[in-house]
1. Can you work out ³J(HN,Hα) from phi for every residue in segment 41-52, in order, using Karplus 6.51 cos²θ - 1.76 cosθ + 1.60 and θ = phi - 60°, giving whole Hz and x for Gly and Pro?
2. Residue by residue through segment 69-85, what is 3J(HN,Hα) from phi via Karplus (6.51 cos²θ - 1.76 cosθ + 1.60, θ = phi - 60°)? Round to whole Hz and write x for glycine and proline.
3. Among Ala140, Ala19, Thr93, which residue has its Cα positioned farthest towards the positive end of the charge dipole of the chain, with +1 placed on the Cβ of Lys and Arg, -1 on the Cβ of Asp and Glu, and the dipole taken about the Cα centre?
4. Principal axis lengths of the chain from Cα atoms, whole Å, largest first?
5. How big is the dipole moment of the chain about its Cα centre under a simple scheme where the beta carbon of each Lys and Arg is +1, that of each Asp and Glu is -1, and everything else is neutral? Debye, nearest 20, please.
6. Report the one residue of Leu182, Val76, Leu194 whose Cα lies farthest in the direction of the positive end of the charge dipole of the chain (charges on C-beta: Lys and Arg +1, Asp and Glu -1; origin at the Cα centre).
7. Between Leu21 and residues 5 or more places away or on another chain, which pairs have amide H atoms under 5 Å apart, with H built 1.01 Å from N, and which residues are they?
8. When ligands, DNA and RNA are left out and all protein chains stay put, how many square angstrom of accessible area per residue does segment 78-236 have with a 1.4 Å probe?
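The values are calculated or read from the model by the stated rules, or taken from the named source; none is laboratory data. Remember, predicted model here, so these are calculated numbers, not experimental data. Here Cβ is always computed from backbone atoms with ideal geometry, including for glycine, and neighbour counts include all displayed protein chains. SASA here: full protein model, heavy atoms, side chains in, ligands and nucleic acids out. Shrake-Rupley method; radii C 1.70, N 1.55, O 1.52, S 1.80 Å.
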Amino acid sequence: MPPDEACRPLEPGKWTVRALLPQPRSQVDLLAAYAVPDSARGDRSFVRCNMVSTLDGAIAVQGRSGSLGSPGDRRVFGVLRSLADVILVGAGTARAEGYGPARLGDELRARRVERGQSDAPPIAVVTGTGELDGRTPFFADAVEPPIVLTTELGAAAAHRSVGDVARVRVAGANRVDPFRALDELNRLGHRHVLLEGGPGLNGDLVRAGLLDELCLTLSPRLVAGAGPRVLAGPELASPLDLDVVHLLEEDGFLFWRLVVRRRD
Ligand SMILES: NC(=O)c1ccc[n+]([C@@H]2O[C@H](COP(=O)([O-])OP(=O)(O)OC[C@H]3O[C@@H](n4cnc5c(N)ncnc54)[C@H](OP(=O)(O)O)[C@@H]3O)[C@@H](O)[C@H]2O)c1
């Protein structure tokens, strides 16, 4: 092979998702690969976080994450949404990313309905202030009303701004308590929670010991800057160990599915 051949970049868009771990496989059924484990089917909530990060750890460029992903990342994103009972997101992310209601393609929706789930998961947004805009598509176009998890301090503002288009629940005094938030979702019948960030909310759930899985897309990009990482907030008392369930790849994007190792 001539020397230039050895370092010629691979042509993008030529592959479908393949598995690298635990066993190399040339094709992957994403719904099967991300199926909820049987151990998560009890009464307790199961929390899976999905994030995309650059190689240098940034999860946003100019305040948004959209430019970091890939077609494969968007397929994984859709599959994870289709499996969840509810999507949980911080108000900062919902505002920054211009969240709308979750929408699924025909096939994912059909498979969801076969499993006895609703057409699409509702979205629960966490806000301390309760300052939300009920006229945005997030509220106005939702088939199933969003859930607003707020504080005693933010409850009046939340009821005023979105009380007629959302289910408002108080889950803390001046911060939303992650345990109370999951209890509220559980009471509404939502046990499988897909946490979509942002880093502030992720940090709260991790520090509370409530994260079960992390699905992390590693995007082959570098951006530098001072952008946020997957988790924000104080450093953990000791690093959290994660075990690999699988590692998939497409177009140089890596898709990790990792499970939090329980501490005895
Ligand atoms: N790459 C990715 O996969 C990805 C995913 C998600 C987000 N992001 C990026 O992350 C950035 C947003 O970060 P962020 O830290 O602002 O995100 P965030 O955690 O979504 O938002 C913080 C806000 O959410 C509310 N909040 C979160 N946890 C709370 C709690 N325990 N109690 C009360 N309120 C709580 C508060 O809202 P109020 O102000 O209403 O009180 C707080 O100001 C954006 O740039 C977004 O693009 C990237």
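1. 8, x, 7, 6, 5, 10, 10, 10, 9, 10, 9, 10
2. x, 7, x, x, 4, 5, 5, 4, 3, x, 4, 4, 4, 5, 8, 7, 7
3. Ala140
4. So the three principal-axis extents are 69, 44, 44 Å.
5. Values: 32 positive and 34 negative charges, 57 e Å.
Dipole about the Cα centre, nearest 20: 280 debye.
6. Of the candidates, Leu182 comes out farthest on the positive side.
7. Leu247
8. On the way: 7180 Å² over 159 residues.
Here the per-residue accessible area is 45 Å².
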